[in-house]
Amino acid sequence: MAIREILEVPDPRLKTVSTKVEPDEFNDELNERIAKPVHPVRRTNEAPLRQPEPQRSRSTDFVIAAVWLMIGVVVGAGLLLAISSYLGVSVG
């Protein structure tokens, strides 16, 4: 079976609306296409298509950094209290 052409975005064939295939229109060629689908990405050297990862905004990065900072302060304060009570030193 021949390798099928991979269509890319500016190709007008991607915007065409398909027609309904009636049961009496099934012939040997159509049955063969259905029985043996070809995955075009496997036949090329290109990476498979995947959804792009969403971009984070700077405000999202700032919020994440602030949350980690607050977690660090709480953990650090708890660690300081634990060490001071272990050593018998009062903090404050």
Can you tell which of 10, 48 is in a loop (DSSP other than H, G, I, E, B), modelled with pLDDT of 75 or more and either among the hydrophobic types (A, V, I, L, M, F, W, C) or surrounded by fewer than 10 Cβ atoms within 10 Å (Cβ to Cβ) (or both)?
10
Can you tell me which residue is modelled with the lowest pLDDT among those in the range 51-72 that are within 20 Å of the chain's Cα centre (by Cα) and polar (S, T, N, Q)?
51
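The values are calculated or read from the model by the stated rules, or taken from the named source; none is laboratory data. Here the structure is a predicted model, which means the values were calculated and not measured. Quick reminder, even Gly has a Cβ in these numbers, built from the backbone with ideal geometry, and neighbours come from all protein chains shown.
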